[in-house]
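One structure is given here, and the rest of the page talks about it.
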Amino acid sequence: MSDQTARQKAEDHYYAALDQVAAGEPEHALAEYKQSLEADPTFTETMHGMARILQDLQGDDSRGGGRSQQGAHPWLEAAVEG
């Protein structure tokens with residue numbers, strides 16, 4: 001796959017991940033981010049998006065709602081492993 005094709009594929013998955021974030025589906029977003037990084041491991045926007053989801057989940061825990069910080073890691077590992 002050419003560099004340009006790989007970048008386009010990474011961008012497609014990145015934007016799909018943003019759609020999933022907007023829909024309130026962080027697990028699906030992480031799966032899209034994983035595919036983005038597989039297509040182009042140098043696409044730093046994807047890494048930033050993954051970090052933001054984790055920050056948001058940790059923020060939910062500090063307010064007493066949503067997922068706990070401990071619960072974030074297993075689902076992240078599952079999303080990254082496929």
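Where a number appears in this text, it was derived from the coordinates with a stated rule and is not lab data. In this text, all values refer to a predicted model and were calculated from it rather than measured experimentally. Using ideal geometry, Cβ is built from the backbone for each residue, glycine included, and neighbour counts are taken over all protein chains shown.
Rundown of residues vs (1) farther than 26 Å from residue 5 by Cα; (2) surrounded by fewer than 18 Cβ atoms within 10 Å (Cβ to Cβ), yes/no style:
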| residue | (1), (2) |
| --- | --- |
| 23 | yes, yes |
| 38 | no, yes |
| 49 | no, no |
| 58 | yes, yes |
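Checking each residue in region 33-51 for being in contact (Cβ under 8 Å) with a residue 12 or more places away in the chain and in a loop (DSSP other than H, G, I, E, B) picks out 40, 43.
Counting only residues that are outside any helix (DSSP H, G or I) and in contact (Cβ under 8 Å) with a residue 12 or more places away in the chain, region 2-29 holds 0 of them.
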